[in-house]
Every structure is written in structure tokens, then in C-alpha cells.
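Enquirer: Have a look at this one.
The values are calculated or read from the model by the stated rules, or taken from the named source; none is laboratory data. Computed from a prediction, not measured in an experiment: that's the story for all the values here. Virtual Cβ from ideal backbone geometry, glycine too; neighbours counted across all protein chains shown.
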Amino acid sequence: MAMLEVKDLHVYYGVIQALKGISFEVNQGEVIALIGANGAGKTTTLQTLTGLIPAKQGSIIFEGKDITRVPAHKIVEMGIAHVPEGRRVFSQLSVYENLLLGAYTRKDKKEIEESLKTVYKRFPRLEERKNQRAGTLSGGEQQMLAMGRALMSKPRIIVMDEPSMGLSPIFVNEIFDIIKVVSESGTTVLLVEQNAKKALSIADRAYVLETGRISLSGKAEDLLHDESVQKAYLGE
Amino acid sequence: MSFISYLKDGISLGSVYAIIALGYTMVYGIAKMLNFAHGDVIMVGAFVILTAITKAGLSPLLSVVLGVIICTVLGVVIEMVAYRPLRKASSNLAVLITAIGVSYLLQNLALLIFGADAKSFVPVINFPSLTLFDGRLTIKGVTIVTILACIIIMVGLTLFVSKTKPGRAMQAVSEDRDAAQLMGVNVNATISLTFAIGSGLAAIAGLLLCSAYPTLTPYTGAMPGIKAFVAAVFGGIGSIPGAMVGGILLGVIEIFGRAYISSQVADAIVFAVLIIVLLVKPAGLFGKNIQEKV
């Protein structure tokens, strides 16, 4: 059985339908990319998944449990961490405080301390700046913080929304390297990206979203060489 | 010596404004709404304390505790019943108008229960006065307690918000509600807690206000409430130190205005100062005006 199963999801913003019945699944340990143009519904999909937007129809099953109507603040405890579009770090708080908020639902202080060490090891830059306000970090550093913060909840699946957006090429490579490391350490990854080439290069499988529908899906490698995908999303 | 005497009166009155302003500023910072009923919760607190002492014969300390508890519950209930259903409303105006409605509701309920005539508040605070400069300056016990209470509340709240887990959750909700939810923070519970703290403090403000100016009517909370709101904006709404500094400055300006200019226009002076501050520094003295990197 798939770890995460999305079935026939319909989502509306007022009268405008953003998702027109999308279905996909994510298996344990996979890296799944969701690619598509602006406005295709990628962010909406992730926000519906973590309860920020209500679904009108359809279901989301995570590890056998129906989480379609679970409120957003209870999702992280179930093992799903969401790295939102535009990082959304708490700019007034220090890097350290942001990371602590990532572990908000966890109780064991010792284990939280362990996770903090792991995150600092993975992102040495965050340790250097742990007492700095998050708002003073560069875009790439904020992205690292947003990812570190999500990892602080010890998620079994991490969903990431446009982690490479607005970053310099050096940071983009760094961020994708980190995603690989996160995946190799056993966390399942669901990745939404406009940078389709990069996303497909690290993903196992991918789904292509087009105006609220999934138009294509398959092995990332195959999609990378698919002519229509190349034309539409890879700029070749 | 009269200058120092006015100054201490100003700081004392300002301390009360500061405590009320803290309630305004915390609710604004976290729930992003102006709770115009906040001033009337002060009045409710004062009435509860007075009734508990005079009618139920409770000890002053117990009465104050009761006042704080009832106001805390009242604040949480008001938020749940009147404001929460409007949180997703398309216009912030809806909740603002509701707050004004709640304000009138509290005033009129008090009118119904306690009547319109002014009650004189009983002395609750028994603290020795302090005599300085060979008896040329006396600081009343109430004044000392008021200023001390203000300092303790300020320090306590600052520590709570910056050092505890619920405090951090408050800061997170204040800055980005959705992101806070993704961390597992229950936004509704956090807002309830904010109302609980603000309203509990309002009961203390009611006690201190009525101890310094011992007449109590259903409208007692209205004007101090508005002035404390001015203080909160003056200091930079959303900022805890801002509410504190704004409150005290406002109290001092009001007392000085009354003493040196005219007691009739003292309130006008207070509002004139607000206008000038906002013209020069629209975010208030401690207002957040941060450039964010995107």
C-alpha cells in the first residue's frame, strides 16, 4: 500500500475550481516530483494535503488513515512536514527559535536536542547563525532554515513547495543536494518545483499538473526524455 | 516639588494605561483585531471585586483573585462567541464592529445589574505610604503598588512570550498564522490564551484604576480603554515594551497637561500628541517596520 494516497481531489477558491479531481500516490522512501506551470495547482495540492485549504471532494489517505479533514495543526504530529512556498520562516525569531518551533509538537527534550544537532550538522550555516534573526538571513539560508525547521518534527514524509525559487544557481544545487541527503536518510519526499529539470533529475517518479488535472505521470527519467515535457517544461 | 509629585501621579496613571494597553497590543499582535470591548472588561473586573467585598464579604485578596478569574473567563468567552466565528470573514470591519457591539453589551449589562449611579470603590490595597524629602513628598501606597504591578507584569509577560513554548507559539501566530499551523500550533487555542491573559490583566487594571480614582460606573472602563488604545498605538501596536512606554508617557502627558495647561483640555492634549506621533512615526515608537528579504 502506498504511504500517501490522494484520490480524486477537488478544491475550490470560492467559485473557481483549482483542482479538478487529481489522484496520485507516494510510496515509502520515494522522491516524487510534482511539476507544472504557474497556476497549475501545485501549491494548492500541497496546501490541501496539510490541511491549510479544505478539500471539497476526494480523499487523502496517509499511512492508512484518512487525513482529508484533519486540521492543519494536527498534520505535523502525524508525520508530515510542509516546507511552504516562499520559506515562511518566522523573521522576528532567531534561527534557533525557528528550529524549536519545528519541534513544537514533540515533548522529549533530549530527542529534540538530538534533532537540533542533526540539523546543525546538515546545515552548518544555521549553527553559525543560530542567534541571528531569521529575517536577516539570505534567501538560500532561509530556505535551509525552512527545511531544517521541517526536519525538526522528525517527519516520515516531507513536502516541499518550490524550494529553489528565487535562489542563485549555487544555492539551487546545494538545496537539491540536501534533498537527496534527506531522502537517503529515509525520509520520503514530495517535491513541487517549477525547475522541472532539476526536480526530475533527483526524483524517482513525477506527475505533471496542468490546470488542475494530472496530464502525465511516470518515471522521472522517462519524463525527462519525453518530448512533450521537454517542450513544455524543460525549455528544449 | 510639585513637578515630582505630578510626575509620580503621571507614572502611576500611566502604569494603569500600560497594563490595559498590554491587553490591546497582545490581542492585536496575535489575533490581528482591535478588541474595543477590552476597556469594559476593566469595569466588569472592578464591579466583581467591589461586589465580592461589599456583598459577599470576601477578603480583598480573594475578591481580586475572583475578579481576575471571572474576567479571564469573560475574555475567552467573548472571543469564542463573538470574534471567532468572524475570523474568516472577508472584512476586518465585521469583527471591529462586533467588538464595539460587545463593548455596549457589557456596559448595558452592568447598567442593568448594578444601576447607573456611581458606586464608591472600597480601599483594597493596604500598603504603607512613602514619605520623602522631609515630608514634602508623599507617595501613596496605591501608587507604589500600581507602579510595582506594572513593572512585574511587564517583565513577566516579556519573559513568558520570549522564553516559554506557548509564548513562542504566540509569536509564531502573530507573524504567520499558516506557517504556525504547519508547526503544529493550534491557532484558536493560542488566540484564546491571549484573550485570557489580556482580560485577566484588565481585572488588575480595574482594581488599580478604581483604587486611585474610587468611583465606579458602568462607563468607568470606556475612557481609560480608549486612552490605553491610544497608548498602544503610540508605543507601536503589537509591541509589549511599546505598550508599556506608550502607557506611561500618556499618563505623564495627561497629568502634566491637566496641571500646567488646563484640566479641561487634558484629554485633547493626549489625542493631539497621538496625532503628532503618528504623523512623524506612523508605526509608533516601537512599531515594527522591518524590511524583509524575499
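Enquirer: Take the residues of the range B:52-68 that are out of contact with any helix residue (DSSP H, G or I) (no Cβ under 8 Å at 6 or more places or on another chain) and in a helix (DSSP H, G or I): which is nearest to residue B:199 (Cα to Cα)?
Expert: Out of the qualifying residues, it is B:65.
Enquirer: From the list B:229, B:234, pick out the single residue that is free of Cβ contacts under 8 Å to residues at least 60 places away in the same chain and part of a helix (DSSP H, G or I).
Expert: Sole residue among the options that is free of Cβ contacts under 8 Å to residues at least 60 places away in the same chain and part of a helix (DSSP H, G or I): B:234.
Enquirer: Do we find a residue being over 28 Å from residue B:29 (Cβ atoms), crowded, with 17+ Cβ neighbours inside 10 Å and either more than 10 Å from chain B (Cβ to nearest Cβ) or not aliphatic (A, V, I, L, M) (or both) anywhere in the range A:105-116?
Expert: Within the range A:105-116, one or more residues are over 28 Å from residue B:29 (Cβ atoms), crowded, with 17+ Cβ neighbours inside 10 Å and either more than 10 Å from chain B (Cβ to nearest Cβ) or not aliphatic (A, V, I, L, M) (or both).
Enquirer: While we're looking at this one, here's another question. Working carefully through the options B:4, B:19, B:42, B:69, find the one that is surrounded by fewer than 17 Cβ atoms within 10 Å (Cβ to Cβ) and modelled with pLDDT of 95 or more.
Expert: That would be B:69, the only listed residue that is surrounded by fewer than 17 Cβ atoms within 10 Å (Cβ to Cβ) and modelled with pLDDT of 95 or more.
Enquirer: If you check B:127, B:195, which single one turns out to be more than 14 Å from chain A (Cβ to nearest Cβ) and at pLDDT 95 or above?
Expert: From the options B:127, B:195, the qualifying one is B:195.
Enquirer: Restricting to the range A:72-88, name every residue that is within 8 Å of another protein chain (Cβ to nearest Cβ) and on the phi < 0 side of the Ramachandran plot.
Expert: Within the range A:72-88, A:72, A:73, A:74, A:75, A:76, A:77, A:81, A:82, A:84 meet the criteria.
Enquirer: Looking only at the range A:78-93, count how many residues are more than 22 Å from residue A:138 (Cα to Cα) and either free of Cβ contacts under 8 Å to residues at least 40 places away in the same chain or surrounded by 22 or more Cβ atoms within 10 Å (Cβ to Cβ) (or both).
Expert: Final tally of qualifying residues: 3.
Enquirer: Scan the range B:156-170 residue by residue and report those that are surrounded by fewer than 20 Cβ atoms within 10 Å (Cβ to Cβ) and without any contact (Cβ under 8 Å) to a residue 60 or more places away in the chain.
Expert: B:156, B:159, B:160, B:162, B:163, B:164, B:165, B:166, B:167
Enquirer: Of all residues being within 14 Å of another protein chain (Cβ to nearest Cβ) and exposed (fewer than 15 other Cβ atoms within 10 Å of the Cβ) in the range B:242-292, which is modelled with the lowest pLDDT? Just the residue, please.
Expert: Checked the range B:242-292; the qualifying residue modelled with the lowest pLDDT is B:292.
Enquirer: Here is a list: A:41, A:135. Which entry is crowded, with 23+ Cβ neighbours inside 10 Å, over 13 Å from residue B:182 (Cβ atoms) and in contact with a Ser or Thr (Cβ under 8 Å, 6 or more places away or on another chain)?
Expert: Just one listed residue meets the conditions, A:41.
Enquirer: Every residue in the range A:52-67 that is in contact (Cβ under 8 Å) with a residue 12 or more places away in the chain and farther than 20 Å from residue A:16 by Cα, please.
Expert: A:60, A:61, A:62, A:63, A:64, A:65, A:67
Enquirer: Further question: Hey, could you check the range A:161-174 for residues that are within 12 Å of chain B (Cβ to nearest Cβ) and hydrophobic (A, V, I, L, M, F, W, C) and say which is surrounded by the fewest Cβ atoms within 10 Å (Cβ to Cβ)?
Expert: The qualifying residue surrounded by the fewest Cβ atoms within 10 Å (Cβ to Cβ) is A:165.
Enquirer: Which residues, taken from the range A:202-236, are touching a helix residue (DSSP H, G or I) at 6+ places or on another chain (Cβ under 7 Å) and not in a strand (DSSP E or B)?
Expert: A:202, A:203, A:204, A:220, A:223, A:224, A:229, A:233, A:234, A:236
Enquirer: Identify all residues within the range A:119-153 that are more than 12 Å from chain B (Cβ to nearest Cβ), closer than 14 Å to residue A:175 by Cα and in a loop (DSSP other than H, G, I, E, B); write none if there are none.
Expert: Within the range A:119-153, just A:123 meets the criteria.
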